[in-house]
Amino acid sequence: MRMTYDFSGKVALVTGAGGGIGRATAEALAASGARVVVGDVSEKGGEETVALIAARGGTASFVRCDVSKPEDVQAIVDHAVNSYGGLDIAVNNAGVDLEVVPVAQWKLEDFDRIHSINTRGVFLCMKAEIAAMEGKGGAIVNVGSLASVNGVANKPAYTASKHAVLGMTRAAALQYASSGIRINAVCPAAVRTAILIDNVGTSAEAAAAVGAAHPIGRAAEPDDIAQAILWLASPASGFVVGHGLLVDGGLSVQ
Ligand SMILES: NC(=O)c1ccc[n+]([C@@H]2O[C@H](COP(=O)([O-])OP(=O)(O)OC[C@H]3O[C@@H](n4cnc5c(N)ncnc54)[C@H](O)[C@@H]3O)[C@@H](O)[C@H]2O)c1
């Protein structure tokens, strides 16, 4: 059963919404009545998300945004404020996972790129979003990972970046809780998106192995994570602050 939320009159911004978890979240927010600003480096992906939302009668617009660039981040927040009158919900989802070779073969450029998007990107987004929400309140949901709380073999840069996402979530949440800006994170295990395919490939065996690793018997679908994000963005989670919500099919419990 899916919860229903009423985000009518709300303005939401989702980064990395050109596919995967970000697209599912943008679609779910729009289906619940929010006007959605879709950000991504991929114009094709972003425009497709807007078209999917529009086809169901929702309101959305695409702004090309590289979250590692302060000017892009400020421009997308400005777009939300200038076009829709404010910013109520922000989902900082854009992220990359490039460590697919053993540690000794990594490139320093990959380490820096992971941190520029996953860590610096969330920092820049929260900075601009909080400035737009101050005095009015809002909800921010950052997308961490099981790697926000566990070590992942052979992925130190990704693991460090996702620990940083949860750390920044907690630090900002403490500072803004009393100002009506709630800041939380979702921490998924494996989700069936491009990132997972890059990691394990497309074979049926690989998919079965990933599913079997989760006590629930499958990897998450993007909408499983979107539903957790909507809950954290909604008044239903009104007393939840600085939390890293594991959405992992039981993987971290075993
Ligand atoms: N898929 C998983 O198994 C999984 C598990 C845990 C956490 N996550 C996290 O979920 C988030 C979304 O990942 P996904 O699985 O949907 O992957 P995805 O690759 O399907 O989507 C990521 C989106 O981010 C965009 N993007 C990449 N770099 C960007 C940048 N610099 N600025 C703006 N957009 C950018 C991509 O174009 C893409 O549309 C990431 O933060 C990822 O680390 C994913």
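Of the set (1) over 19 Å from Asn150 (Cα atoms); (2) more than 10 Å from the ligand (Cβ to nearest atom); (3) touching a residue at least 60 places away in the same chain (Cβ under 8 Å), all apply to Thr193 but (2).
Report whether or not Leu98 is within 15 Å of the ligand (Cβ to nearest atom) and either modelled with pLDDT under 95 or of a type outside the set (D, E, K, R) (or both). Yes, satisfied.
For the residues Asn82, Asn118, the requirement of being at pLDDT 95 or above and touching a helix residue (DSSP H, G or I) at 6+ places or on another chain (Cβ under 9 Å) singles out Asn118.
Scan Ser161, Ser234 and give me the residue that is closer than 23 Å to Gly121 by Cβ, in contact (Cβ under 8 Å) with a residue 12 or more places away in the chain and of a type outside the set (Asp, Glu). Step by step, each of Ser161, Ser234 is checked, and only Ser161 is closer than 23 Å to Gly121 by Cβ, in contact (Cβ under 8 Å) with a residue 12 or more places away in the chain and of a type outside the set (Asp, Glu). Within segment 133-151, the set of residues being within 10 Å of the ligand (Cβ to nearest atom) and part of a loop (DSSP other than H, G, I, E, B) comprises Gly144, Ser145. Condition first: β-branched (Val, Ile, Thr), farther than 27 Å from Gly244 by Cβ and not in a helix (DSSP H, G or I). Can you find one or more residues in segment 56-68 that meet it? So far as segment 56-68 goes, yes, one or more of its residues are β-branched (Val, Ile, Thr), farther than 27 Å from Gly244 by Cβ and not in a helix (DSSP H, G or I). The set of residues in segment 175-222 being within 14 Å of the chain's Cα centre (by Cα) and in a strand (DSSP E or B) consists of Ile183, Asn184, Ala185, Val186, Cys187, Pro188, Val191. Residues in segment 2-45 that are among the charged types (D, E, K, R), surrounded by fewer than 19 Cβ atoms within 10 Å (Cβ to Cβ) and within 12 Å of the ligand (Cβ to nearest atom): Glu43, Lys44.
Of all residues in segment 149-207, those that are in contact with a Gly (Cβ under 8 Å, 6 or more places away or on another chain), basic (Lys, Arg) and under 18 Å from Ile114 (Cβ atoms) total 1.
Yes/no matrix, rows are residues, columns are (1) closer than 22 Å to Ile21 by Cβ; (2) touching a strand residue (DSSP E or B) at 6+ places or on another chain (Cβ under 7 Å):
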{"position": "Leu87", "(1), (2)": "yes, yes"}
{"position": "Gly95", "(1), (2)": "yes, yes"}
{"position": "Glu99", "(1), (2)": "yes, no"}
{"position": "Pro102", "(1), (2)": "no, no"}
{"position": "Glu109", "(1), (2)": "no, no"}
{"position": "Asn118", "(1), (2)": "yes, no"}
{"position": "Gly135", "(1), (2)": "no, no"}
{"position": "Gly138", "(1), (2)": "yes, yes"}
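Considering segment 83-128, the residues that are farther than 20 Å from Ile140 by Cα and among the acidic types (Asp, Glu) include one that is surrounded by the fewest Cβ atoms within 10 Å (Cβ to Cβ), namely Glu109.
Looking only at segment 205-225, decide whether some residue is acidic (Asp, Glu) and at pLDDT below 95. Yes, segment 205-225 contains a residue that is acidic (Asp, Glu) and at pLDDT below 95. The condition of being small (Gly, Ala, Ser) and in contact (Cβ under 8 Å) with a residue 40 or more places away in the chain holds for only one of Gly57, Gly33, Gly20, that being Gly20.
The values are calculated or read from the model by the stated rules, or taken from the named source; none is laboratory data. Model, not experiment: these values are computed from the prediction. No Cβ is skipped: glycine too gets one built from the backbone with ideal geometry, and neighbour counts run over all protein chains shown.
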